[in-house]
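Engineer: After the structure tokens below, expect a handful of questions from me.
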């Protein structure tokens, strides 16, 4: 698997993330784009930006370089504070290989309560791919065919993953979640000056851009929330095909 990791001024977490990948998936090729700090790490490909370029631009550079070397290979997007468990990378790769209709397949860990509350059994949670509006690129496999057809990440400072998911739905691709052994540690408390804060100018601008770009699929709700305007397919897709 080719793995893309953007990192912003978070060297300790970045090192732990890489060590974790190398432990559970030693054959994976790791690509890192690091903003501000410069960390001594042993990876397949590395770039450094002394001045932060934003996560969207970082993912764009990483994805571009992966596709140059391996244009037909599934790639995995992670955050520098992601932690993959035993079998997680192989499981999401298998799900994508067996279900070529999907542009993105991510982790449903944060949404398990929602899936359970909708009446889905634990067995189905483990076996099925569950449709969703969008997933976070903290753990997300991407179909290279989708990227070749619909383009690379935008230059958004944040919400670059959300934009790509609605781009997928707008171009007749699917987005889904699976149950995998994965955890994601959120950053420290952020005020409105931080670009990832829900009320920051970066998030406000990104949500407005997404709503304007895909008006048939998403609308801007009150309190700057995004609401979908389409129905999920009725098909059921299995992780193992």
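Any read-out appearing in this document is the output of simple, stated calculations on the displayed coordinates, not a laboratory observation. What you see is a predicted model; the values in this text were computed from it and never measured. Because the Cβ atoms are built from the backbone with ideal geometry, glycine has one as well, and the counts that use them run over all protein chains shown.
Engineer: Using a 10 Å cut-off on Cβ atoms, rank the peptides 97-109, 13-25, 35-47 from the highest mean neighbour count down.
Structural biologist: Going by the mean number of other Cβ atoms within 10 Å, highest first, we get 97-109, 13-25, 35-47.
Engineer: Counting other beta carbons within 10 Å of each Cβ, put 167, 145 in order, fewest first.
Structural biologist: Numbers: 167 23, 145 14.
Fewest-to-most Cβ neighbours within 10 Å comes out as 145, 167.
Engineer: Can I ask one more? Kirkwood Rh over alpha-carbon pairs of the stretch 34-172, then Stokes-Einstein at 37 °C and 0.692 mPa s: what D in µm² s⁻¹, rounded to an integer?
Structural biologist: Working: Rh = 16.2 Å.
Value of D from the Cα-based Kirkwood radius: 202 µm²/s.
Engineer: Convex hull over the Cα atoms of the stretch 41-104, averaged projected area in nm²?
Structural biologist: Computed as one quarter of the Cα hull surface, the answer is 5.6 nm².
Engineer: What does the helix-only formula give at 222 nm for the chain: each DSSP H stretch with n ≥ 4 adding -39500 (n - 2.57), the total divided by the residues, and the result rounded to the nearest 500 deg cm²/dmol?
Structural biologist: Helix contribution divided over all residues of the chain: -10000 deg cm²/dmol.
Engineer: Hey, rough spin-label estimate for residue 145 and residue 117, points 7 angstrom out along Cα→Cβ, what's it come to in nanometres?
Structural biologist: In this crude spin-label approximation the distance works out to 3.6 nm.
Engineer: Could you line up 1, 164 from fewest to most neighbouring Cβ atoms inside 10 Å?
Structural biologist: 1, 164
Engineer: Where the centre of each part is set by its Cα atoms, how far does the stretch 154-186 sit from the stretch 33-81, in angstrom?
Structural biologist: Their Cα centres are 17 Å away from one another.
Engineer: Hey, another quick one. Based on other C-beta atoms within 10 Å, arrange 83, 238, 225 from fewest to most.
Structural biologist: Listing 83, 238, 225 from fewest to most nearby Cβ atoms yields 225, 238, 83.
Engineer: If you take every DSSP beta bridge fully contained in the chain, what fraction is antiparallel? Give it as a percent rounded to 5.
Structural biologist: 45
Engineer: How many percent of all Cα-Cα pairs in the chain sit more than 24 Å apart?
Structural biologist: Percentage above 24 Å: 44.
Engineer: Here is a further query. Quote the relative contact order of the chain in percent (integer), defining contacts as alpha-carbon pairs under 8 Å separated by 6+ residues.
Structural biologist: Relative contact order of the chain: 22 percent.
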